[in-house]
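Okay, structure first, notes after.
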Amino acid sequence: MTSSVSTYDAVIVGGGHNGLVAAAYLSRAGRSVLVLERLPGVGGAAVSESPWPGVAARLSRYSYLVSLLPERLIGDLGLRVELRRRRISSYTPDPADPSRGILVDTADAAATARSVTRVTGDPDEAARYAALSTRLAPLARAVFPTMTEPLPTASALRESTGDDALWHAVTAAPLGTLIRESLATDITRGIALTDGLIGTFATADDPALSQNRCFLYHVIGGGTGYWDVPVGGMGRVSAELERAARDAGAEIRTDAAVTSVSPDGEVRYAGSDPGVAHGRVVLSGVGPAALEHLLEQGGAASADVVRPEGAQVKVNMLLSRLPRLHDDAVAPEAAFAGTFHVNETMTQLDRAYTEAVAGRIPDPLPAEIYCHSLTDPTILGPELRAAGAQTLTLFGLQVPHRLVADADAVAARAELLAAAQRSLNGVLAEPIADCILTAPDGAPCIEARTTADLEHTLGMTGGNIFHGDLSWPWADDADDDPARRWGVGTRHPRVLVCGSAARRGGAVSGIGGQNAAMAALEILAR
Ligand SMILES: Cc1cc2nc3c(=O)[nH]c(=O)nc-3n(C[C@H](O)[C@H](O)[C@H](O)COP(=O)(O)OP(=O)(O)OC[C@H]3O[C@@H](n4cnc5c(N)ncnc54)[C@H](O)[C@@H]3O)c2cc1C
């Protein structure tokens, strides 16, 4: 056991993408920084991996699309990342009749309108759908630029949004009300509602409004709400952040699992080269429950922390070709290029919630799918590319951690894989299994990552992809304390949150890391 203590301006617990952002900003400001990551590599949930031995496909194994990463951050840190915009926003086969579906083509409003009318039978629904996006635009433009500034007050933001009724509908009344008032059909309402249910276990009308907060984060990214494809996969984003942090002088240690954090900045870690480091500030890139455990180990009085619960399953697949659709009017290359909604009408989403509350995996499992390789084939090796292979990612909703927490891990994965394939097969013209490639070891190239897998592999408590329920990105009142002003405080003045659990940290955004770095710089300058 190493006994000498190295001292740094900042010690960062966890080398997720947010920890790397914080490290890069602090090092560029001339501060000494140590990042401690328990896994062999950095990036956390923002990584590219090859799940099948001998198969040259580097998948964004967990997170896969980018919306909330600010351009300013990319510029500040000199990141060489390309975020590619997709022309097709979404395709939604009608679960009642999958021979027709809604294709939202951002470059062809008339074709989109025809497709909405064909499925809904309502000639006005396309205009309503477009109007909802238009109505949300000022909210996105008002909120997003504030995400990397000290917390604005709610009243200032409401004023700059310029639409009090919309402000109330998004921040004070359950999302279901806005969706039902804006849209007239179950299928379009479902498309809108999914933005509120990513990793979030709720109904449209949940009075706790967690679905509203999730919705807000999904429609404000970049001031537009577009979700872009990171070229090279999500691992490319983290690799660039690692490069930026190291180039600026940050020390990054992997295989270094933090075992305790004391409120005055002593951090102990285990691994192949264990040690003790002291930070004038400590930045936590892990979730609140994990941080609380580390603080208790470091001698802090215990505090009650809500254990978060994730509510999704991610399925990664490699296909020999895209599956055939029942819908002759849409090519699979268009349908799978955007978000492909499977059994996600508003009624199906709410029914799935009820089934999960009753202890059952929803049937059909609501899910959304997307094919990375159609937009960016570089994640496949040359042979797979030449053979026309495609990746497919499925994100299943309304699967709370409680359904798998105590189950056998292998059985839980198998059950969820079966549920996902059943749901998908219900809208395809052929079973998805017919398109799945086989690895050299004979195993099919399909895997499920459950909430339990996220907890065990990434340390995400309860498999919650945002480290906990998302928070409103504003404060009730102005505050002079740097940590509170930037939304990164804990009850210990020298311990800040830099990860997804920071006030505005959810998703692949780097915003938690940037904001913690800004607060830390103010504290260190005192
Ligand atoms: C399946 C899935 C799909 C998602 N899809 C998207 C998406 O498409 N777009 C999007 O924007 N967001 C998505 N998200 C959410 C997003 O990935 C996360 O919110 C974000 O990556 C969190 O980043 P972070 O750096 O805050 O934390 P994390 O990525 O959780 O990183 C925390 C790091 O801390 C390390 N760690 C934990 N405990 C210790 C310890 N004791 N000592 C040292 N290190 C420790 C972990 O190993 C990890 O590397 C998804 C998440 C998941 C899981």
*asked:* Restricting to bridges with both residues inside region 1-129, how much of the DSSP beta-bridge set is antiparallel, in percent to the nearest 5?
replied: 60 percent
*Which FRET efficiency, nearest 0.05, do ASP163 and ALA443 yield, Cβ-Cβ r, R0 56 Å?*
0.60
*Compute the FRET efficiency between ALA525 and ALA405 as 1/(1 + (r/R0)^6), taking r as their Cβ-Cβ distance and R0 = 51 Å, and round to the nearest 0.05.*
0.70
*Kindly rank 434-445, 256-267 from highest to lowest mean number of other beta carbons found within 10 Å of each residue.*
256-267, 434-445
*Fully extended, how many nm does the chain gain between ARG422 and SER272 (0.36 nm per residue separation, minus their Cα-Cα distance)?*
49.6 nm
*asked:* Going by average Cβ density within 10 Å per residue, which order do the peptides 73-85, 89-101 take, highest to lowest?
replied: 89-101, 73-85
_Classify region 53-123 from the C-alpha gyration tensor, please: rounded if a/c falls under 1.5, else prolate or oblate depending on whether a/b exceeds b/c._
oblate
*Using packing as a proxy for protection, rank 403-410, 23-30 so that the peptide with the highest average count of other Cβ atoms within 10 Å comes first.*
23-30, 403-410
*Relative to the present Cα-Cα distance, how much length would full extension add between GLU82 and ALA433 at 0.36 nm per residue of separation?*
123.1 nm
*Which shape class, rounded, prolate or oblate, goes with region 199-264 when its Cα gyration tensor gives a ≥ b ≥ c as root eigenvalues, a/c under 1.5 marks rounded, and past that a/b bigger than b/c marks prolate?*
oblate
_If I model region 129-221 as equal point scatterers sitting on the Cα atoms and use the Debye formula, what is log10 I(q)/I(0) at q = 0.12, 0.13, 0.19, 0.25 Å⁻¹?_
-0.35, -0.41, -0.88, -1.44
*Cα-based helix-to-principal-axis angle, 125-143 vs the chain, degrees rounded to 10*: 10 degrees
*According to a simple spin-label model (label point 7 Å from Cα along Cα-to-Cβ), what is the distance in nm between ARG180 and SER6?*
5.9 nm
*When the convex hull of the C-alpha atoms of region 247-300 is computed, what volume per residue in Å³ does it have?*
91 Å³
*With a/c under 1.5 counting as rounded, go ahead and sort region 243-369 into rounded, prolate or oblate using the C-alpha gyration tensor (a ≥ b ≥ c being the square roots of the eigenvalues; past the cut-off, prolate if a/b is larger than b/c, else oblate).*
oblate
*Residue-normalised accessible area of region 409-497, given per residue in Å² at a 1.4 Å probe*: 42 Å²
*Determine which residues of region 426-454 fall in the zone a paramagnetic label at GLU383 would reach in this model, i.e. backbone nitrogen under 14 Å from the point 7 Å along Cα→Cβ.*
438-442
*asked:* Just to be sure I understand: of the beta bridges DSSP finds with both ends in the chain, what percent are antiparallel, rounded to 5?
replied: 65 percent
_Accessible area in square angstrom per residue, region 129-221, 1.4 angstrom probe_ = 34 Å²
_Against the rule of thumb 2.2 N^0.38 Å, how large the Cα Rg of region 78-181 comes out_ = 1.36
*Mean residue ellipticity at 222 nm from the helices of the chain, using -39,500 (n - 2.57) per DSSP H segment of n ≥ 4 over the full residue count, to the nearest 500 deg cm²/dmol?*
-10000 deg cm²/dmol
*So what is the relative contact order for region 112-231, in percent, with contacts set as C-alpha pairs under 8 Å and at least six apart?*
28 percent
*If you roll a 1.4 Å probe over the chain with all protein chains in place, what percent of the accessible area is carbon or sulfur?*
50 percent
_Place a point 7 Å from the Cα of ALA208 along the Cα-to-Cβ direction; which residues of region 356-375 have their backbone N under 13 Å from it?_
357
*If the convex hull of the alpha-carbon atoms of the chain is projected onto planes in all directions, what is the mean projected area in square nanometres?*
23.4 nm²
*Cα centroids of region 400-476 and region 101-177: how far apart, whole angstrom?*
29 Å
*Would you please give the FRET efficiency between HIS326 and ARG141, computed as 1/(1 + (r/R0)^6) with r the Cβ-Cβ distance and R0 = 35 Å, to the nearest 0.05?*
0.35
*Could you give the distance between the Cα centres of region 270-344 and region 31-79, to the whole Å?*
12 Å
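The values are calculated or read from the model by the stated rules, or taken from the named source; none is laboratory data. What you see is a predicted model; the values in this text were computed from it and never measured. So basically every Cβ, Gly included, is an ideal-geometry build from the backbone, and we count neighbours across all protein chains shown. With ligands, DNA and RNA removed, areas are computed over all heavy atoms of the protein, side chains included. Shrake-Rupley method; radii C 1.70, N 1.55, O 1.52, S 1.80 Å.
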